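This report concerns only the one structure given below.
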Amino acid sequence: MEIRLDGITKSFAHKEVIQNSSLTIASGSFTTLLGPSGCGKTTLLRMIAGLEAPDTGSVFFNDNCVFSAEKAINIPPEKRGLGFVFQDFALWPHMSVFENVAFGLRASHKTEKLEEKVRAALHAVQLDDFAQRYPHQLSGGQQQRVAFARAIVIAPECILFDEPLSALDALLREEMRVELRELVAKLGITAVFVTHDQTEAMSMSDKIAVLSEGRIEQYASPEEIYSAPETEFVAKFVGSSNWIDEHRMFRPEKASVVRMDGADEFEVTVVSTQFLGTSYQLHTKYRDSNWTFFSDRRIAAGTKLPVYIYDQDIICI
Amino acid sequence: MRPISLKKRAPVLILIAILFFLIVCPLIMIFTKAVIIDGRLDFSSAWQTLSENKNAVMIGNSLLLSTLVVLLSTVIATPLAYLFSRTKFARYRFFDIVFMIPFMTPPYIASMGWILFVQKRGLLQQLLPCMEGSENWFFTLGGLALVMSLHVFPFMLTILKNAMLNIPTSLEESGAVFGAGFGRRLQRIFMPLLGGNYAIGALLVFVKTLSEYGTPATLGKRIGFEVFTTEIHRYATIAPIDFGSSATLSSVLIGICLCMWMLQNYITTRKSYNLVSGKGARSIQQKLSAPATALGWFFIVLVLFVAVVIPYFSVISTSLIHLRGYGFAAGNFTLQHYIDLFTENTKGVSALKNSLFLAVSSATICAVLGTLIVLAVRNSKSRLRKPLEAMSLLPEMLPSIVLVIGIMLFWNQIYKILPLYNTLGIMVLAYVVLFLPYTVQYVTSSFTQISGSLMAAGQVFGGSGAYIFRRITLPLILKGVATGWMMTFIIAFRELVTASLIAPPNTLVVSTYIVREFEQGSVSVGMAMAVLCVLFTTTALLILNRFIAKQKGA
């Protein structure tokens, strides 16, 4: 299902949280809304779900208008037929896992083959034996899976994820990242994923929309976002950046302490060296800015050092 | 801003209208009764009432008594709060429940227990003849303040204990690291951090004492110590009935209470510190030496003995003694009073029936109305939701007696339109007004524990408004509703001041039955009823606890 946002704005108490934004999410793609907290990414997601109404603009699912401020159309969330995985999982504590998953089917009176469908969803997330448990009897990862099963059981054309991995510990987060991506790919549905974690965004997405202060800064593939950031914010928020001057920067892995023919040479002063296991990370000073990049050996603080960067690796913004 | 449709606003507006009629109208009635005479604004009569010498003395008495009770309950509660928060005594969680007993005991029953215990030829002097004359020091202002303190100190204990638990040990430890000794830490760190909470507790105790009717009506009457509540009651019930004076005194009492609440609000915002951070605060226990431990045990046992054992011992033994003149002698014990309660005449049984009816009906109405109010407040974006919530909580801030006087005056006034006065109906109505805040608070607190995303999830997964309410909201707030229902039931079952003011003629409830038997009938039968009343409400409370423990999840 293609999702199209057109000229959306939203203010809360006179503060503009979404500035005029348009975005088209391709059918079957995995799209991430990435940005720091308070950038409006969750608000945008809730608008797609219908939990929040934009002040202006319209929202289309394929060619169906589900929201239009102009035409006063606002299809309520319960009629939009989307799956949603909440940040805190939002499992109903008074219902068993089975009933949590079955809720969407019961609420929309799709009770035909209910048992079978619920079992299948639980099977997909490997929770076959947990149907009669209650949410508080499950671990964080299991709760996460129930929330996902609840979203897929209604066979939605699109699932929205609101920072679903942020409540998990680091190890589990990495596992679930792979698992979630696989499941979504298997189902072949559209996924919109909200996160503030760039690693999550980079590793899972087909496309990333980077948001800052209610504005979409750039909407592109992860590779483009990293190697060709369009704005200073994107360059600084995604990956680390070393600034040559106000408009030119390069990524750490592009710099070399070994002489390279045809590369530009810069002289830096080493501030400190950190051993990372596979390499050494150098913290250096170039004029007024701090650069970090990698080296194969420790270099004493205060050493003046030439650094080589190919011209095509320098990104101009 | 899109205009909010009338349909969305209707629930809030209807509820505001109901509460205005039930709560605000009676209060307005009090003020008008006090200062409008023969249709003209006239302060002279109100001034006359207030300048009467005995009323001036009474106001002084009330303030003096409340101050004494604050001091005395501080003395009782502070060491206990320290023991239960910062020492090994904190382990014994069952004290949390035991120390709530005095607070859960109806004050009029506790003070009757004390009277029976200490009065001339009472239980104490029968057990220890050497205590003859002890009644002379007990039937004084000091005795009255003691009995009232023993009722309210658990309140102060809870507030202080929680405040002490919330002071992270690290703050004290950092004081120690930077060279402050125990005394200095107490003075410079511990006390300033507690100050705000203590002030709040003290004000609450002050207002509660000022509003209390049960103890002054039973024990205070014996020593001729009149306070606000007893005077308001007297003007409204004993010939020559003078509603004007009653209303004037009520207005003054409302004024004092509101000032206290404002002061409390000021202190809460200005002088209390937010000490609860997300980080888990370690609490380290103060080590107690063997003598200190013994002293701690001694204090705990002493307070329990005085606050729980003595009143219950008196009430229970009086209900079981055949002839009180013979005292504790073998063969002088009987269950006859309990049998008399049900067989002697129909009054006891009908009092029980009335109380049961009032408790069930008012608890049920409160549960429905209170839940509707909370739902309206939570789901509406209307600007009127704040006033609605404030109105629903207003009865808790004011002394019951004042509201009841207002209800009397107001429903008297509109008797020709709505002839509810002098029926059991007016009692149900008064109970609902008085106890509505319980349901509102319990349901609100269960609401705040529900993450908003639970409802949002219901919406996203296809639930309509009614479906979400039935499947998600209601099951999740049911605990709050049930707790509110049970608390209302328990408190309504033994409510005294309302019943003694507006019960229709010849209609007795449990509390008025006990008071009547105590004052002019068979004391033992009265105490038998008191025992039944406490047993019954305690059982209800235990059932409630069981019910809450059984609730799954959350």
Filter pass, B:M427 being more than 18 Å from B:A503 (Cα to Cα), assigned to a helix (DSSP H, G or I) and more than 14 Å from every other protein chain (Cβ to nearest Cβ) | no
Taking the stated definitions as given, is A:S240 closer than 30 Å to A:T303 by Cβ, assigned to a loop (DSSP other than H, G, I, E, B), small (G, A, S) and at pLDDT below 90?
-> yes
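Give me a count of the residues in the stretch B:495-527 that are in contact (Cβ under 8 Å) with a residue 60 or more places away in the chain and either in a loop (DSSP other than H, G, I, E, B) or basic (K, R) (or both).
Matching residues across the stretch B:495-527 total 9.
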Considering A:G81, A:G104, which residue is outside any loop (DSSP other than H, G, I, E, B) and at the interface with chain B (Cβ under 8 Å from one of its Cβ atoms)?
-> A:G104
Within the group A:I48, A:I18, A:I8, which residue is closer than 23 Å to A:E78 by Cα and part of a strand (DSSP E or B)?
-> A:I8
Please go through the stretch A:97-112 and pick out each residue that is free of Cβ contacts under 8 Å to residues at least 12 places away in the same chain and among the β-branched types (V, I, T).
-> A:T111
Looking at A:I159, A:I154, A:I189, which one is in contact with a Cys (Cβ under 8 Å, 6 or more places away or on another chain) and either more than 9 Å from chain B (Cβ to nearest Cβ) or closer than 20 Å to B:F461 by Cα (or both)?
-> A:I189
Which one of these is more than 14 Å from chain B (Cβ to nearest Cβ) and part of a helix (DSSP H, G or I): A:E174, A:E217, A:E230?
-> A:E174
If a residue has to be away from chain B (no Cβ under 12 Å) and surrounded by fewer than 19 Cβ atoms within 10 Å (Cβ to Cβ) to count, how many in the stretch A:59-74 make the cut?
-> 9
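Hey, among the residues in the stretch B:151-209 that are small (G, A, S) and modelled with pLDDT of 80 or more, which one's surrounded by the most Cβ atoms within 10 Å (Cβ to Cβ)?
Ranking the candidates gives B:G201 first.
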Within the group B:A199, B:A180, B:A239, which residue is without any contact (Cβ under 8 Å) to a residue 40 or more places away in the chain and touching a Lys or Arg at 6+ places or on another chain (Cβ under 8 Å)?
-> B:A180
Name the residues in the stretch B:464-475 that are within 15 Å of A:L51 (Cα to Cα), more than 7 Å from every other protein chain (Cβ to nearest Cβ) and surrounded by fewer than 19 Cβ atoms within 10 Å (Cβ to Cβ), would you?
-> B:G465
Out of all the residues in the stretch A:194-239, which are within 12 Å of the chain's Cα centre (by Cα) and free of Cβ contacts under 8 Å to residues at least 12 places away in the same chain?
-> A:T199
Odd one out for B:P504 among (1) within 14 Å of another protein chain (Cβ to nearest Cβ); (2) surrounded by fewer than 17 Cβ atoms within 10 Å (Cβ to Cβ) = (1)
Among the listed residues A:A151, A:A124, which satisfies the condition of being surrounded by 16 or more Cβ atoms within 10 Å (Cβ to Cβ), touching a strand residue (DSSP E or B) at 6+ places or on another chain (Cβ under 6 Å), small (G, A, S) and in contact (Cβ under 8 Å) with a residue 12 or more places away in the chain?
-> A:A151
Does the stretch A:279-293 hold any residues that are assigned to a strand (DSSP E or B) and more than 16 Å from A:W243 (Cα to Cα), and which are they?
-> A:Y280, A:Q281
Candidate set: the stretch B:440-463, residues that are more than 12 Å from chain A (Cβ to nearest Cβ), among the polar types (S, T, N, Q) and touching a residue at least 40 places away in the same chain (Cβ under 8 Å); chosen: the one surrounded by the most Cβ atoms within 10 Å (Cβ to Cβ) | B:T444
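The values are calculated or read from the model by the stated rules, or taken from the named source; none is laboratory data. Just so it is clear, the model here is predicted, and its values are computed rather than measured. FYI the Cβ positions are ideal-geometry reconstructions off the backbone, even for glycines, and counts take in every protein chain you see.
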